[in-house]
1. Restricting the range 60-86 to residues that are among the small types (G, A, S) and either buried (at least 18 other Cβ atoms within 10 Å of the Cβ) or in contact (Cβ under 8 Å) with a residue 60 or more places away in the chain (or both), which is farthest from the ligand (Cβ to nearest atom)?
2. Out of (1) among the aliphatic types (A, V, I, L, M); (2) open to solvent by less than 30 Å² (accessible area, probe 1.4 Å); (3) in contact with a helix residue (DSSP H, G or I) (Cβ under 7 Å, 6 or more places away or on another chain), the odd one out for L135 is which?
3. Mind telling me which of the residues L292, L274 ends up being outside the structural domain of L61 (by TED's automatic domain parsing), touching a Ser or Thr at 6+ places or on another chain (Cβ under 6 Å) and open to solvent by less than 20 Å² (accessible area, probe 1.4 Å)?
4. Go through (1) within 16 Å of the ligand (Cβ to nearest atom); (2) β-branched (V, I, T); (3) under 26 Å from A246 (Cβ atoms) one by one and return the number of the condition I97 breaks.
5. Please state which one of N152, N114 is touching a Lys or Arg at 6+ places or on another chain (Cβ under 9 Å), surrounded by 15 or more Cβ atoms within 10 Å (Cβ to Cβ) and under 20 Å from R87 (Cβ atoms).
6. Scan the range 1-33 for residues that are of a type in the set (S, T, Y) and modelled with pLDDT under 75 and jot them down.
7. Take the residues in the range 188-231 that are in a helix (DSSP H, G or I) and within 14 Å of the ligand (Cβ to nearest atom); name whichever of them is least open to solvent (accessible area, probe 1.4 Å).
8. Only one residue in V293, V311, V256 is modelled with pLDDT of 95 or more and in a helix (DSSP H, G or I). Which one?
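The values are calculated or read from the model by the stated rules, or taken from the named source; none is laboratory data. Bear in mind the structure is a predicted one, so any value in this text is a computation, not a measurement. FYI the Cβ positions are ideal-geometry reconstructions off the backbone, even for glycines, and counts take in every protein chain you see. Ligands, DNA and RNA are stripped out before the accessible areas are found, and what is left, the full protein with its side chains, is counted by its heavy atoms. Shrake-Rupley method; radii C 1.70, N 1.55, O 1.52, S 1.80 Å.
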Amino acid sequence: MINIENLIRENIKTLKPYSSARDEYKASGSKMVFLDANENPYENGVNRYPDPRQKDVKVALAKVKNCNPKNIVLGNGSDEILDLIFRAFCEPKEDNIIILPPTYGMYKVLAGINDIETKEVLLTQSFQPKADEILSAADKNSKILFLCSPNNPTGNSFDKTTVEKLLKEFNGIIVIDEAYIDFSGQESWLNRLEEFPNLIITQTLSKAYGMAGIRLGICYASFTIVDILNRIKPPYNVNLLTQAYALERIEDAEGVQIEIVEIEKNKTLLINALKSIKFITEIFPSDANFVLVKVDDANIRYNQLIEKGIVIRNRTTQPLCENCLRLTVGTEKENEKLIEELLSISKS
Ligand SMILES: *Cc1c(COP(=O)(O)O)cnc(C)c1O
């Protein structure tokens, strides 16, 4: 059985965390007088520091996701969560991480910022992880393996038995980035959290929940890992406005679901229409709210769409993604405009 304590950086193990004013007080009644944090006392809705542990948001989220609020850490977007994970487990200049390109770009950027080496093991042609190659690429300093499922930019989910094999055999932390899980028919790995002490799952309010602007990233992990991340996170990393917006949205599960269903419907319509565009040679299966397509010449088609006022993502420089474009599913109107312009480009 993997021992998480052994994976933690030495300086983090012995760190004495900053204790904020609001961490230390224990509420003993509703009519408390707060003279502990040097705030301006005049109420304007935001004059007080936010809850450093975001209790209300976590309780609401735990209810929707059917987990324990004590298994949750929240951050200023997933990007902050991922950075915390690096700082907890990776010793600069010594340790390394493993990523599976083509994948989300932030893992490598964050590794660079933290002075951590990135090992890359390409996905297969059908965008699945190569378990044996990953395990043989790993050494004693391989602290984190990033699995993005559904994967960005390819859109597919990773094979369950492959992920399970990696969870059992990789001797480090495995981060499963589930930014797109709410669009996917696949079961979240959150339901298996208790089985794997080295598992960290990240999700976000930026995609299906429609709240990219408020920056709320979510991490689910064991109590041991949650405790470590809480020790190193900035005390007030999720601001009061974000907590208020997030709470309202999370409690509106029905409203969120209606939009997800709408986006899925629009995705199906979009994919069907894309089949009639002659220069699109392949449409990859998608469990997310975007579609990766292969075209005759990605740079030309990308620029032609820009001229028509439509911005998509050109992924042609990514491994295994030569001449691939990533299209986000928009509103019905936006998708119709995209198809209209694609048709006009293909006729010119
Ligand atoms: C969009 C996205 C995120 C979201 O990041 P935030 O910082 O929470 O907005 C995380 N992971 C992947 C793979 C994404 O595509």
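1. At the first step, the residues of the range 60-86 found to be among the small types (G, A, S) are 60, 62, 75, 77-78.
Okay, now just the ones that are also either buried (at least 18 other Cβ atoms within 10 Å of the Cβ) or in contact (Cβ under 8 Å) with a residue 60 or more places away in the chain (or both), so 60, 75, 77-78.
Working: A60: 18, G75: 8, G77: 3, S78: 3 Å.
My answer is A60.
2. The one condition L135 does not meet is (2).
3. On the way: L274 fails: touching a Ser or Thr at 6+ places or on another chain (Cβ under 6 Å).
After ruling out the rest, the residue left standing is L292.
4. Here I97 meets the rest and fails (3).
5. Numbers: N152 fails: under 20 Å from R87 (Cβ atoms).
Matching residue, one of N152, N114: N114.
6. Within the range 1-33, the subset of a type in the set (S, T, Y) is 14, 18-20, 25, 28, 30.
Within the range 1-33, Y25, S28, S30 meet the criteria.
7. Filtering the range 188-231 for residues in a helix (DSSP H, G or I) gives 189-195, 212-214, 223-231.
After this cut, where a residue has to be within 14 Å of the ligand (Cβ to nearest atom) as well, the list is 212-214.
Working: A212: 53, G213: 76, I214: 30 Å².
It comes out as I214.
8. Values: V293 fails: in a helix (DSSP H, G or I); V311 fails: in a helix (DSSP H, G or I).
Going through V293, V311, V256 in turn, the sole match is V256.
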